[in-house]
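Some notes on the structure that comes next.
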Amino acid sequence: MILMASCVENLEDYNVDQKSAANVPPATLYTGAVKELSDVITTPDVNINNYRFYVQQWTTTQYLDEPRYNMTTRLIPQNVWQALYRDVLADLGESKRLVEEDAFTTDAIKGNQMAQIEIMEVFAWSVLLNTFGNVPYSEALNPDNSLPAYDDAATVYEEILSRLDAALNRIDPDETGFDEGDIIYEGDMELWWKFGNTLKLKLGMVIADVNSSLAQSAVEAAAPNVFMDNSDNGAFPYLSAPPNNNPVSEEMNPLFTSRQDYVVANTLVDAMNELNDPRRAFYFTQVDGEYKGGIYGFSNSYSDFSTINPTITDPTFEALLLDYSEVKFLLAEAVERGYNIEGTAEEHYNEAIAASIAYWGGTEEQTNTYLAQPQVDYSSAPGDWKDKIGNQKWIALYNRGYDAWLEWRRLDAPDLQPPSVEGASELVIPKRVIYPINEQTLNGTNRSAAGQAIGGDNSETYLWWDIE
């Protein structure tokens, strides 16, 4: 005891964890938060992310709760909520505090770092708002307030658009930002300028049906400064080994799991087969020389149906946060809405499809052949402009389940139908994710008020920008 006591000055020294960092650099917190955000919108873990099921790109082999929209048998809402608040927004906020206190970095670099943090905060808030509706915002992330009120989602949405503008105005393209900590663009602030404007374009278009003036001003301001080709894509690169591997590989690659839970859904496969889509070779595996989707919402034998292409389940396959194809689809829509955008809707639509095919490895010849089909050609494809753009965007957003679900709700295309289960009540494809159960327990009064404000805490409730 005497020898032990002589090693320390006071007993508090025994409470120091020698294996965990007490002080973390802001770049480390920033990197971790961006990775967590990428993970939560990319993973196919049924306890977190079931959006690929909601838009019928994938389906299951055995467990049917997820493609039949059950959100209560697992802690799905709580896991999404916790990841975004605790692991993304809280870490970004702490990173921001540390940058502000940094007395050694130049103001220009600090300004860029603050802009990078703010852009990713806006991204994370947009995911919360577009997933749940009203959420805690003005009183959130305050350790002294365990019962934060829920803010009106439309009001918060306008606020984050203003925050995004302020972040863009802070960017100095001649200086770096986070360099080693920025594994998306390695501190290249010209690319962050494009990423921020691309995010602004997307967020502006989300509210086009309910706030046309704000949407138009945001879209027209952003349009000249967005991604110009696939080399600009906002992609998170993963590594070969856990815990930094592609989260799809974690659930599907034999290196990490022996489970065989997922096959691709017949809804998507049949649509792509009908169009002889060249991306099938990059999206799916074959069964006896064919692309064959499992029956959506019902049990399927893993060996009888196409599964996810090994490229996508590779541990190092990247996660797209924003991409060029998405930009061109948004610009096509902006033209159709009458916004002051250069080019025609058909030109942007064709370039969107071409960008998607090129990203996945298709050739220019394949693109031209695909676009020449009457069901793809913009002048003859069935439906109105929402149908034309929505159907092709649904295909292009493969492996981006959250974004495909967002666009399906917004454009009401393609015409997806829930599985019809004999003897069961009629299913409805979710329009939102319900609030976490622990919010009902720990913050019940505010959660109840929020549910009433949005029209009911149900998955069938339309969010404020989703016109029925």
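From the P(r) of the chain, can you give the percent of Cα pairs sitting at distances over 37 Å? If you can, show how the numbers build up before the last one.
Values: 29489 of 109278 pairs.
Here the tail beyond 37 Å accounts for 27 percent of pairs.
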- Message: Give me, ordered by chain and number, the residues 5 or more places off Leu321 or on other chains with an amide H under 5 Å from its own placed amide H.
- Response: Gly234, Ala235, Phe236
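Sort Trp385, Trp408 by heavy-atom solvent-accessible area, probe 1.4 angstrom, most to least. All intermediate terms of the calculation are to be shown ahead of the outcome.
On the way: Trp385 55, Trp408 25 Å².
Ranked list, largest accessible area first: Trp385, Trp408.
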- Message: I want to check the label-to-label distance for Ser240 and Thr105. Put each point 7 Å from Cα in the C-beta direction and report it in nm to one decimal.
- Response: 3.2
- ³J(HN,Hα), Karplus 6.51/-1.76/1.60, whole Hz, each residue of the range 121-132, x for Gly, Pro: 5, 4, 4, 5, 4, 5, 5, 4, 5, 7, 9, 10
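Of Arg259, Arg279, which has the most accessible area with a 1.4 Å probe, and how do the rest follow in descending order?
On the way: Arg259 130, Arg279 0 Å².
Ranked list, largest accessible area first: Arg259, Arg279.
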- Item | Vicinal HN-Hα couplings computed from phi for the range 311-324 (Karplus, 6.51 cos²θ - 1.76 cosθ + 1.60; Hz; Gly/Pro x) | 4, 6, 8, 5, x, 9, 5, 6, 10, 8, 8, 8, 9, 5
- Note on the structure: Counting only residues 5 or more apart in sequence or on a different chain, those whose built amide H sits under 5 Å from that of Asp172 are Asn112
- Query: So how much slack lies between Asp229 and Val428, counting 0.36 nm per residue of separation and subtracting their Cα-Cα distance, in nm?
  - Reply: 67.9 nm
- Query: How far, in nm, would the chain grow between Thr257 and Ser448 when pulled straight, counting 0.36 nm per residue and subtracting the alpha carbon separation?
  - Reply: 64.8 nm
- Separation between the Ile437 and Thr369 pseudo-spin-labels, each 7 Å from Cα along Cα→Cβ, expressed in nm? 5.2
- Ser299 - accessible surface, heavy atoms, 1.4 Å probe, Å² rounded to 10: 80
- Message: With just the Cα atoms defining each centre, how far is the range 137-190 from the range 206-232? Give it in Å.
- Response: 18
- Message: Given a Förster distance of 35 Å, report the FRET efficiency between Asp412 and Glu186 from their Cβ-Cβ distance, rounded to the nearest 0.05.
- Response: 0.35
- Report Glu118's accessible area, 1.4 Å probe, all protein chains in place, as a number in Å² to the nearest 10. 30
- Query: Leaving out ligands, DNA and RNA but keeping every protein chain, what accessible area does Tyr370 have, in Å² rounded to the nearest 10, with a 1.4 Å probe?
  - Reply: 0
- Can you put Thr363, Thr31 in order of accessible area, largest first, using a 1.4 Å probe? Thr363, Thr31
- Message: So if I take the centroid of the Cα atoms in the range 391-468 and the same for the range 48-113, what is the distance between those two points in Å?
- Response: 17
- Would you compute, from DSSP H runs of 4+ residues alone, the mean residue ellipticity of the chain at 222 nm, taking -39500 (n - 2.57) per run and dividing by the full residue count, rounded to the nearest 500? -14000 deg cm²/dmol
- Between Asp151 and residues 5 or more places away or on another chain, the pairs with built amide H atoms under 5 Å apart involve Val135, Tyr137, Ser138
- Residue-wise HN-Hα coupling along the range 295-306, computed from phi with Karplus coefficients 6.51, -1.76, 1.60 (Hz; x: Gly, Pro): 5, 5, x, 10, 5, 9, 7, 4, 6, 8, 10, 5
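Tell me, what is the percent relative contact order of the range 196-306, built from C-alpha pairs under 8 Å that lie six or more residues apart?
On the way: 103 pairs, mean separation 19.4, N = 111.
Result for the range 196-306 is 17 percent.
The values are calculated or read from the model by the stated rules, or taken from the named source; none is laboratory data. Just so it is clear, the structure is predicted and the values come from calculations on it, not from any experiment. Methodologically, a virtual Cβ is constructed for each residue, glycine included, from the backbone with ideal geometry; neighbour enumeration extends over all protein chains shown. Heads up: the accessible areas ignore ligands, DNA and RNA and are worked out on the full protein's heavy atoms, side chains in. Shrake-Rupley method; radii C 1.70, N 1.55, O 1.52, S 1.80 Å.
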